[in-house]
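For reference, the structure is listed below as structure tokens.
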Amino acid sequence: MRKKEIFWLIGTTSFVLILTLWVFRIDGLKSEAFTDINIHDTYFVIENSHLIFLIITLIFFAVYLIRMLRQNFKNLTANLVFMISGLLSIWILAGMISMINSLIGVTETTEHNLHVTNNMFNNVSIILYLAQILIVGLMAYSGFKTVRNYKQAK
């Protein structure tokens with residue numbers, strides 16, 4: 001691995017650390033810290049470590065997607081970091097889709113705003129499915145180009 005790659009990894013990690021400290025402060029990084037999200041009449045209580053993991057994955061995915069595309073898939077390390085962050089993104093999206101689909105069943109038992117809430121959760125679920133498909137497509141294309149460039153380099 002070249003020095004430039006180490007600087008990119010350290011720089012991205014530093015950016016993520018500064019961003020999480022800015023968003024959650026020092027107290028938000030404790031293991032028992034939670035975030036409350038209010039949607040209509042419902043409060044979602046999410047452990048901060050889950051949100052931090054989401055932020056880390058999305059930032060690494062975005063940074064290395066841009067790096068990979070700008071270098072035309074010729075940097076093996078950037079491609080591998082992109083693929084790892086892509087797999088983690090798919091895993092996170094699968095968990096989010098599962099949570100949203102479980103909420104659709106809960107909203108069917110409520111009395112008011114039944115159609116609006118179910119349509120909203122259905123739309124969000126569809127968008128997340130499409131994001132997963134897009135990420136899988138990007139990863140497949142990245143893998144194809146990486147193998148092709150690696151074989152040409154030999």
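The values are calculated or read from the model by the stated rules, or taken from the named source; none is laboratory data. Small disclaimer: the values here were computed from a predicted structure and weren't measured. Glycine also receives a Cβ, built like all others from the backbone with ideal geometry; neighbour counts cover every protein chain displayed.
Things worth noting here:
- Restricted to the range 36-54, and to residues there that are of a type in the set (D, E) and without any contact (Cβ under 8 Å) to a residue 12 or more places away in the chain, the residue that is nearest to F24 (Cα to Cα) is D36.
- Matching option when the condition is on the phi < 0 side of the Ramachandran plot, touching a residue at least 60 places away in the same chain (Cβ under 8 Å) and either in a loop (DSSP other than H, G, I, E, B) or of a type in the set (S, T, Y) (or both), among T77, T57: T77
- All positions within the range 20-47 that are within 25 Å of Q132 (Cα to Cα), out of contact with any Ser or Thr (no Cβ under 6 Å at 6 or more places or on another chain) and of a type outside the set (D, E, K, R): T20, I37, I39, F44, V45
- Residue pairs whose Cβ atoms lie under 9 Å apart, sitting 6 or more positions apart in sequence or on different chains, and linking a residue in the range 1-22 that is touching a residue at least 40 places away in the same chain (Cβ under 8 Å) and closer than 14 Å to Y64 by Cβ to a partner that is surrounded by 10 or more Cβ atoms within 10 Å (Cβ to Cβ) and among the small types (G, A, S), are E5/A78; W8/A78.
- Within the range 55-78, being over 23 Å from G28 (Cα atoms) and among the polar types (S, T, N, Q) holds for Q71, N72, N75, T77.
- For the range 40-54, the criterion of being of a type in the set (V, I, T), surrounded by 13 or more Cβ atoms within 10 Å (Cβ to Cβ) and at pLDDT 90 or above is met by none of the residues.
- One residue stands out in the range 18-32 among those that are modelled with pLDDT of 85 or more and over 16 Å from the mean Cα position of the chain (by Cα): the one that is surrounded by the fewest Cβ atoms within 10 Å (Cβ to Cβ), namely W22.
- In the set (1) modelled with pLDDT of 90 or more; (2) surrounded by 14 or more Cβ atoms within 10 Å (Cβ to Cβ), I127 fails one condition alone, (2).
- Output for the range 139-154, where each listed residue is surrounded by 12 or more Cβ atoms within 10 Å (Cβ to Cβ) and either at pLDDT below 80 or touching a Leu at 6+ places or on another chain (Cβ under 7 Å) (or both): T146, Y150
- Criterion (surrounded by 15 or more Cβ atoms within 10 Å (Cβ to Cβ) and either at pLDDT 85 or above or over 30 Å from V147 (Cα atoms) (or both)) met by exactly one of G11, G86, G95: G86
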